[in-house]
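Notes follow the structure.
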Amino acid sequence: MKDPPSPSPTAKKGPMQRSLKEGGTVVPVREILWGDSTGVHKYETADELPPEMADLIMRLMVVQADTEYGSIQQHRPWLDQAPSLEDRWVQARIVADEARHGLQACRILRDFGEEGEARIANLLRTKEGDHKLDAFNIPFDSWADVGAFTCLVDRVGVYQLRAFQECAYGPLARAMPLMLSEEQLHLNFGFNVLRRMSRDGPKYYGTKAEAQEAVNKWFPRALDMFGHSKSATSENAIRWGIKRWTNEEARARYLLELTPLLQSIGLEVPDPDWNRRIH
Ligand SMILES: [Fe+2]
Ligand SMILES: [Fe+2]
C-alpha cells in the first residue's frame, strides 16, 4: 500500500506568499502578484505599458538613479579619509555599488526611448545640492555621518527596493535581488560604524555622542524619504502592481526594524515627528 502524500509546506499558499519573502531570495514569477491586474502576465517591455504606468516607472527610476548618483558625491571625500584600511575599501565598494545601481536604473530608463534618454542626460548633469530628496543634498561632515547615513538612509533605500520586488514590470522586478544584496553590505557597514563608536568610544574613530548626533541629523531626513502619507501616486503604484506598500506602511515597517537596532547599541531614537519636512 502506498504511503499517503505528505503535506507540502507551500500547499495552502498563493503565488504572492510563495514568492514574496521580504529581503530574501525570491523565485521569479511571471504573473502580477497584487493590484488591479493580479494574475495577469507581467509587462516585459516598455512598449506594452499603458502611458500612465510608463510615466510613473520613469519618474520612479529618475528618483532612484538620482539617489544613487547623489550618494556617490556624498561618499567621495571619504574614499581617502576613512579611518582604517578596511573602511576605505568599504567606501570604494559602496561607491562602485551605487554607480552600478544608477546604471541599472538608467538602463530601465533607456528602454523608454528618447524620453528616457532625455531624463538620463538630466541625471548626469545634476550637481551636489540639486538632488530631488533632501537626504542626498547634505554633505558628510564627519565619519559618524557616513555611518548614520548608510545605517539609516540606505536602509530606506532598501525598503524602496523591496517595494519593487516582484513588481508588475519584469525588467524592474528582476533588477531587485542583486541590488538588495549589495545594499545589505551598506547597511551592515553603517550599523557597525555606529556600534563601534557607541561601544568602543575613542578607540575607534568617534564617540557615542558623535554617533547620537549623527543619528539625530539623518533620522528625520530618512523618514521624509518615504514621501507624503496621503499620496495619490503611491496608491496608483500599488493598484498597478508597481509598489507593494503605501508610503506610510513602508515608513512604519522601517521604524519597527530600526528602533530596536539603534537601541541595542545604546543609541536613542528621536521622536519620528521631530524636525520632519514631509508628513
Ligand atoms: Fe544603491
Ligand atoms: Fe547603498
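Here are a few things to note about the model shown:
- Residues in the stretch 221-246 that are more than 27 Å from HIS41 (Cβ to Cβ), of a type outside the set (Gly, Ala, Ser) and more than 16 Å from the chain's Cα centre (by Cα): HIS228, LYS230.
Results for (1) at pLDDT 95 or above; (2) closer than 20 Å to CYS167 by Cβ; (3) within 16 Å of ligand 2 (Cβ to nearest atom); (4) of a type in the set (Phe, Trp, Tyr), shown as yes or no for each residue.
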residue	(1), (2), (3), (4)
VAL90	yes, no, yes, no
ILE94	yes, no, yes, no
GLU98	yes, no, yes, no
HIS101	yes, yes, yes, no
LEU109	yes, yes, no, no
GLY113	yes, no, no, no
GLY116	yes, yes, no, no
ILE120	yes, no, no, no
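- Of all residues in the stretch 182-206, those being within 20 Å of LEU258 (Cβ to Cβ) and of a type in the set (Ser, Thr, Tyr) number 1.
- Within the stretch 243-279, the set of residues being among the small types (Gly, Ala, Ser) and in a helix (DSSP H, G or I) comprises ALA250, ALA252, SER264.
- The number of residues in the stretch 221-242 that are buried (at least 21 other Cβ atoms within 10 Å of the Cβ), assigned to a helix (DSSP H, G or I) and away from ligand 1 (no atom under 16 Å from the Cβ) comes to 4.
- On the stretch given as the stretch 151-180, residues that are of a type outside the set (D, E, K, R), within 13 Å of ligand 2 (Cβ to nearest atom) and within 11 Å of the chain's Cα centre (by Cα) total 10.
- The set of residues from the stretch 39-73 being in contact with an Asp or Glu (Cβ under 8 Å, 6 or more places away or on another chain) and not in a strand (DSSP E or B) comprises GLY39, VAL40, LYS42, THR45, ALA46, MET58, GLU68, TYR69, GLY70, SER71, ILE72, GLN73.
- Qualifying positions in the stretch 231-279 - of a type in the set (Val, Ile, Thr) and modelled with pLDDT of 95 or more: ILE238, ILE242, THR259, ILE265, VAL269
- Helices (runs of 4 or more DSSP H) fully within the stretch 89-189 that include at least 3 residues being away from ligand 1 (no atom under 13 Å from the Cβ) and either at positive phi or surrounded by fewer than 17 Cβ atoms within 10 Å (Cβ to Cβ) (or both): 113-125.
The values are calculated or read from the model by the stated rules, or taken from the named source; none is laboratory data. Just so we're clear, the structure is a prediction, and the values are computed from it rather than from any experiment. Note: ideal-geometry Cβ built from the backbone for every residue, glycine included; neighbour counts use all protein chains shown.
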